[in-house]
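Shown next, in structure tokens, is the structure this report addresses.
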Amino acid sequence: MAISIISPANSFIRFDETADPALCIWGNVNFCLPVYDAEDVYFQFVIEGTEGDIDSLCTQTGDEVNVALVNECNGAAILTFSEKPDRFRLSTTQVLYNWTHGLPGFTSVVSIAECFKIQVTVAATPYGYPIETDVYCSNCFERIASDCFTSVIEYGNDEDAFGFKYCYGGDLPGETTPTLDCSPTIVTFVGVATLAIPYTALLQDKYGVFPTVQVWVYDGTGQLLNMGITAAFDTYPPTMINLDFGGVASGIVVIR
């Protein structure tokens, strides 16, 4: 297969890179990222290839991509996860993989102070040819005994940003994750104190069960200001977005 793996530009977890991370003060330093809890590690990557390669990855089961733990790159797996990453086809040549399972069971195979790596194996049959396998290895991790003096960094966005993909293409066969959409829905309101917006099945398909709702209100000079107004949902899953502007107002509601 003529494929490659792409790590987000600002991701702590990187695949198939041989150089040590460059630090602005100390130069290149070879270090292992600390991991205390199985829920500490979530990541995403993109597989890029020809249209035939990518077509062969878009099957019902997603068995073509597997994630495992290894002591050394290209070594025997010490733990192979039964879980599969969520998949979203970004284009004819790219598939996004989101790993949202953490590292279940890693404490049974990795001792405290022991180092390990994440290995991604990609095997497919482009245009029906015999299976070809590519293996990609991450940077180094170390299991630590205590979470003292450590922090877990979580990040997200309403649109693609900083190299990460938050707005996905079409979901692939067998996926239960909805096809999320980056393009917002904008509702205009004029001279009202409250507003109720039906959250239809179409909107839920685009933005998920709970969307991001922002309210922008015109001030006295005609400028739109974000007033920090919070949306209220009628039930779960929601069928109505309710807004109280605290008085008569005009502006726009942006649903993502």
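What to note about this one:
- Residue-span extension gain [T121 to T59] - 0.36 nm each, minus C-alpha spacing: 20.7 nm
- Computed from the C-beta positions of S111 and T133 and an R0 of 25 Å, the FRET efficiency is 0.30 to the nearest 0.05.
- Residue exposure sequence - I13, I5 - by fewest surrounding Cβ within 10 Å: I13, I5
- Simple point charges give the picture: +1 on the Cβ of Lys and Arg, -1 on the Cβ of Asp and Glu, and for the chain a dipole about the Cα centre of about 400 debye.
- Distance (nanometres) between label positions extended 7 Å along Cα→Cβ at E72 and L33: 2.3
- Three-way shape call for segment 86-164 based on the alpha-carbon gyration tensor, with the a/c threshold at 1.5: oblate
- Distance (nanometres) between label positions extended 7 Å along Cα→Cβ at I153 and T50: 3.9
- Counting neighbouring beta carbons within 10 Å and listing from fewest to most, the residues S4, S82 come out as S82, S4.
- For L103, residues with placed amide H under 5 Å, excluding near neighbours: E39, D40, V41
- 13 Å tail of the calculated P(r), segment 63-115, as % of Cα pairs: 65
- Segment 185-255 shape via C-alpha gyration tensor axes, a/c threshold 1.5: prolate
Readers should treat all values here as calculations from the given coordinates under stated rules, not as data from a laboratory. All of these numbers come straight from a predicted model, not from anything done at the bench. Note that each Cβ is placed from the backbone with ideal geometry, even for glycine, and that neighbours are counted across all protein chains shown.
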